[in-house]
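The next block holds one structure in the form of structure tokens; read it before the comments.
What follows draws every value from the coordinates through simple rules; no lab data is involved. Quick caveat, the model's predicted, so the values are computed rather than measured. So basically every Cβ, Gly included, is an ideal-geometry build from the backbone, and we count neighbours across all protein chains shown.
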Amino acid sequence: MTTTQSDPSFRATVLTAPATFSTTPAESPRPGVGDVLVRVAETGLCGSDVTMYLGRHPVNRPPLTLGHEFHGELLSAGEGTSARPGDAVAVFPALSCGECASCRRGATNLCPDMGIIGAQRPGALAGVVTVPAASVLPIDPATPPGLRVLIEPLAVALHAVNRAGPVAGRRCAVLGAGAIGTLVALVLRHRGAEAVHRIDTDGHKLSLVDTGIARHGDGRPLAEVLGGEHGELDVVLDCVGSAELAGQSLGAVRPGGTVVLVGVQHGAFSLDGVALQRGERAVLGVQLYVLADFTEAMRLLAGEPLFSGLPESLIRRNAVGDVAEVFDRLARGVSTHLKETIVFAGKENPC
């Protein structure tokens, strides 16, 4: 059943070329078999969106309808979902084949045919989105409405920490104080890490969330920042995506320690093979998340005060008409908030 046939028109904000958006008419969505419709309430914007906006993504190039960090209202329900029309839902944006070796062992994030709603399929900047029924998950009413847009980035953080293995009682450092780095630090604290150091050259970003976690923001090399801690950490999670920091991180962990590369790497980089091999250190990559991470993120935001108690002032909310301005701000690195989002107001499609 579809409830959108009475809506007179739909419009989508499409990235038609690098750094160029166009608002274009779109046909009233007609979901296929196994699909449902979601009216977008809000979508967050992240570093991968900015990379696509600049035309620098290795795979996803314009034209694109961006937006993969979103939640909204279910307009039509179908087979494969427990949600009902009218429910507030989050959308799991990763699409996988379900049949390959990775999917069969539960690593759907490693599916060679994986696609993303907001890249391979039109995303939230369409205002109303057709998605697979199995991708919509009812949001617990206890989840603060102003924090629901953090479900997807928190899933990224959870998967990154899961890659590091058990962290209770371990000494950790997080490089980068953006949304992902901040959420990674909170997950480490939640899971009982003995010590967590947050490191960023931007002192303002470090000050946005009072995590009770040691923070360093003076821009010195990692070894100098950590001082006596350098070489004594169990885990470093690089949420920046810097080749230089990847090398420094390897020297920051003790023998048997782990470096987790969370931020997107943009090419080849070198590591000290002696430190890697003879110290039995590990360097691990991170690719998105799996459904279990996403549902845990939903649970934490619904009932764990460390997450559900985050101040909504961390998020800057913008109108659809300001999309170009927001992306320009993010591309220049001048945003003063932890997260920038686009809000779709009212029942009518506002694109």
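Here are the numbers for the structure shown:
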item: Calculated SAXS-style log₁₀ I(q)/I(0) at q = 0.14 Å⁻¹ - the chain, Debye, Cα scatterers; result: -1.17
item: Mean separation of Cα contacts under 8 Å (6+ apart) over length of the chain, as relative contact order %; result: 18 percent
item: For Thr20, residues with placed amide H under 5 Å, excluding near neighbours; result: none
item: Convex hull volume per residue for region 122-275, taking Cα atoms only, in Å³; result: 158 Å³
item: Spin-label proximity, Leu110 to region 159-176 - amide N less than 17 Å from point 7 Å beyond Cα toward beta carbon; result: 159-165
item: Whole-number Å³ per residue for the convex hull built on Cα positions in region 23-85; result: 128 Å³
